[in-house]
Amino acid sequence: MNLIDVNKAFDTDEKCLAFLEQMRWPDGVRCVTCGANRISKITRKTASKNVRSNLYQCLEPSCKVQFTSTSGTIFNDSHLSLTKWFTAVALVINAKKGMSAMELGRNLGIIPLDNRIKKGRKTAWYLAHRIREAMAESEADRAIPLKGTVEADETYVGGRYDPRRKRERYQKPGVMGMIERGGKVRTMRIPTASRAVLLGNVLKHTTPDTTVYTDESIAYKKVGLSRTHGKVSHIKLEWVRGDVHTNTIENFWSLFKRGVVGSFHQLSIKHLQRYMNEFEYRFNNRQNAELFTLTLARMCGVKPMPYKQLISQ
Ligand SMILES: [Zn+2]
């Protein structure tokens with residue numbers, strides 16, 4: 001669904017709630033605490049912004065909890081309307097180069113167009129990170145090796161040091177990426193670009209029948225012992241030799257860096273993994289027509305992430 005379709009289909013919070021409810025409980029509403037299906041519906045007449053209209057009450061005498069279709073999910077305890085959440089999801093999944101919190105906030109009307117007023121930035125930033133949280137590939141999926149022809153490469157993330165901004169210098173974090181030709185990308189933080197780390201990741205994420213293409217870095221030297229290995233020598237200004245190149249992963253890095261570097265600084269390093277998740281997710285689902293629904297479904301499965309928890313990580 002594109003932005004216009006989303007705004008048309010979900011123009012009220014009631015419609016958003018009904019959609020989430022159908023997705024969470026396709027076979028009928030169940031209690032979020034005890035799982036019972038004896039539920040009564042309380043429809044509230046108050047049109048207050050911060051009150052979810054469809055409230056449920058568990059009829060199990062030992063439980064009796066009240067809940068809504070956003071209880072226990074990442075949407076919970078948000079002052080934002082669900083229509084804004086849905087619009088935000090549509091914006092983020094369609095932003096190929098990523099979308100800064102500022103841009104997201106302005107698009108949603110949370111941040112005034114005149115951004116000299118520091119209003120709404122925190123809300124937009126918090127919202128963006130909660131959407132990203134749902135985009136992480138599961139451990140089980142990450143354990144499946146990449147197939148066919150795989151390009152591997154590493155890079156460093158972070159802007160140029162600018163003394164005028166008086167920020168502390170910091171070690172740019174390293175990221176390694178592997179990409180299946182015509183398939184999915186997988187990225188990982190690396191402590192150093194040592195042979196043990198890079199070779200270790202190649203072996204972990206591929207199988208002996210995989211063909212691996214890298215640059216001439218010495219760290220990849222031993223890949224050829226157990227995999228078909230092709231190298232291009234960037235030092236000798238060789239970028240492509242027939243089928244052997246690392247252009248696919250380098251194109252991914254350039255997208256990723258354009259999206260992240262602009263708003264990136266030392267304070268963001270601890271959140272880097274979430275940005276990586278976002279770019280991986282969008283890339284890996286680039287041909288998925290149901291991406292909007294998939295993303296909302298995943299968000300329903302993500303536990304609430306309080307702001308304090310996010311900033312203390
Ligand atoms: Zn219950």
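The values are calculated or read from the model by the stated rules, or taken from the named source; none is laboratory data. Computed from a predicted structure; not experimentally measured. As a convention, Cβ positions derive from the backbone with ideal geometry for all residues, glycine included, and neighbour counts pool all protein chains shown. Heavy atoms of the whole protein, side chains included, go into the accessibility calculation; ligands, DNA and RNA do not. Shrake-Rupley method; radii C 1.70, N 1.55, O 1.52, S 1.80 Å.
Extension gain for the segment LYS118 to GLN57, taken as residue separation times 0.36 nm less the Cα-Cα distance, is 18.0 nm to one decimal. From its DSSP helices (H runs of at least four residues, each -39,500 (n - 2.57)), the chain gives a residue-normalised ellipticity at 222 nm of -10500 deg cm²/dmol.
Placing dummy labels 7 Å off each Cα toward the beta-carbon, the span from SER226 to LYS41 is 5.7 nm.
Full extension of the chain segment joining ASP243 with LEU294 gains 14.9 nm, where the gain is 0.36 nm per residue of separation less the Cα-Cα distance. Label separation (SER254 vs ILE311): 3.8 nm, computed from points 7 Å beyond Cα along the C-beta direction. In the assembled protein chains, THR228 presents an accessible area of approximately 80 Å² (probe radius 1.4 Å).
For MET1, the accessible area of its heavy atoms, probed at 1.4 Å with every protein chain present, is near 80 square angstrom.
Over the stretch 139-284, with every protein chain in place, what whole percent of the accessible area is carbon and sulfur at 1.4 Å, could you tell me? Mind showing how you got there, number by number?
Working: 4080 of 7640 Å².
After summing per-atom areas, the C and S share lands at 53 percent.
May I ask you to list the residues of the stretch 53-94 whose amide nitrogen lies under 15 Å from a point 7 Å from Cα along the Cα→beta-carbon direction of ASN2? Residues 90-94 fall inside that zone.
Computed from Cα atoms, the angle from the helix 13-24 axis to the main principal axis of the chain rounds to 60 degrees.
How big is the shadow of the Cα convex hull of the chain, averaged over all directions, in nm²?
Its average projected convex-hull area is 20.3 nm².
Taking a cut-off of 23 Å between Cα atoms, list the lysines near LYS147, but don't count ones fewer than 8 places away on the same chain. Here the lysines satisfying the reach criterion relative to LYS147 are LYS184, LYS204, LYS221, LYS222, LYS231.
Taking every alpha-carbon pair under 8 Å whose residues sit at least 6 apart, the stretch 207-313 reaches a relative contact order of 16 percent.
Bridging of LYS122 to lysines at a Cα separation below 29 Å is possible for LYS8, LYS15, LYS49, LYS84, LYS96, LYS97, LYS166, LYS172, LYS257, LYS270, LYS303, LYS308, once same-chain residues fewer than 8 apart are set aside. Legend: calculated FRET efficiency, ILE269 to GLN66, from the Cβ-Cβ distance at R0 = 35 Å, rounded to 0.05, equals 0.30.
Of MET23, MET135, the order by accessible heavy-atom surface (1.4 Å probe, DNA, RNA and ligands excluded), from most exposed downward, is MET23, MET135. The angle separating the long axis of helix 82-94 from the principal Cα axis of greatest extent in the chain is about 20 degrees.
Tell me, what is the FRET efficiency for GLN22 and HIS79 to the nearest 0.05, using R0 = 25 angstrom and their Cβ-Cβ distance as r? Kindly include the intermediate steps, with their values, before the conclusion.
Details: r = 24 Å, r/R0 = 0.97.
After rounding to 0.05, the efficiency reads 0.55.
Sorting HIS245, HIS79 on solvent-accessible area from highest to lowest, probe radius 1.4 Å, gives HIS79, HIS245. For the chain, the longest principal axis of the Cα atoms and the long axis of helix 247-260 meet at an angle of about 50 degrees.
What's the FRET efficiency of THR12 with ALA95 using the Cβ-Cβ distance as r and R₀ = 22 Å, to the nearest 0.05?
Values: r = 25 Å, r/R0 = 1.13.
With a Förster radius of 22 Å, E is 0.35.
Sorting MET99, MET299 by solvent-accessible area of protein heavy atoms yields MET99, MET299, largest first, with a 1.4 Å probe.
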